[in-house]
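The values are calculated or read from the model by the stated rules, or taken from the named source; none is laboratory data. These figures come from a predicted structure and were not determined experimentally. Reconstructed Cβ throughout: ideal geometry from the backbone, glycine too, with neighbour counts over all protein chains shown. With ligands, DNA and RNA removed, areas are computed over all heavy atoms of the protein, side chains included. Shrake-Rupley method; radii C 1.70, N 1.55, O 1.52, S 1.80 Å.
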Amino acid sequence: MQKWNGYETTQVMGAKKKLPAGGYICKVMEAKEEVYGWGSVLVISFDIAEGEYKNFYREQYEKQNGNKKWKGTYRVNCPKDDGSEKDEKTKKNFKTFMHHVEVSNQGYKWDWNEGKLKEKLFGGIFGEKEYEIEGNSGFFTMMRYTCEAKAAAGAPIPKPIMLKPTQSTPNIQQPTNWNNDDDFPF
């Protein structure tokens, strides 16, 4: 076999560190409003602020090559103030996030300046979500909801979000005439 150039300096692949599901104290790294044709979203870039997984997303970002992407993001839809039932739920979700930030940061009061969210703490509750990409499947961990920072450690872990069956997923049904063990074909 012919030795190829750069064998000695080629890095070996390592196991990717995964954030376990659970509650964590998070810190806002950046907050910005993104406006779309359908409305706007407050995008919160965050990292884990304490414990064994402190700076988890920073370390993950620094290990990336090429087009790097910050993976610690939480998106909060902004209300349209249109009086709809959906908008009322959006208002509650937005206010709940801001409440968690206010309670977690003594003396902080939301003043409609998203830039002032930087460095603020809040609690994040993370759960697993199943994925499938090109025939490979597994789970990744994502922030499912927020809470007060002091409540994060004791919060219940959400159940994993499973993929919905698709038409390509076989739907195996037991024939209705199999009533006892003698009816099975094996």
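Report the accessible area of Lys69, computed with a 1.4 Å probe over the heavy atoms of all protein chains in place, in Å² rounded to the nearest 10.
Spelled out: Lys69, probe radius 1.4 Å, area about 130 Å².
Can you give the FRET efficiency to the nearest 0.05 for His99 and Tyr61, using r as the Cβ-Cβ distance and R₀ = 35 Å?
With a Förster radius of 35 Å, E is 0.75.
Can you give the net charge of the other residues whose Cβ lies under 13 Å from the Cβ of Arg144, counting K and R as +1 and D and E as -1?
With Lys, Arg at +1 and Asp, Glu at -1, the net is +2.
For the stretch 1-137, give the magnitude of the charge dipole about the Cα centre (Cβ charges: +1 Lys/Arg, -1 Asp/Glu; no others), in debye to the nearest 20.
For the stretch 1-137, the charge dipole is close to 260 debye.
For the stretch 85-164, build the charge dipole from Cβ charges (+1 Lys, Arg; -1 Asp, Glu) around the Cα centre, then report which of Cys147, Thr96, Gly107 sits farthest towards its positive end.
Gly107
Multiply the residue separation of Trp112 and Lys159 by 0.36 nm, subtract the distance between their alpha-carbon atoms, and state the gained length in nm to one decimal.
13.6 nm
How do Glu52, Glu102, Glu119 stack up against each other in accessible area, from largest to smallest, with a 1.4 angstrom probe?
Glu52, Glu119, Glu102
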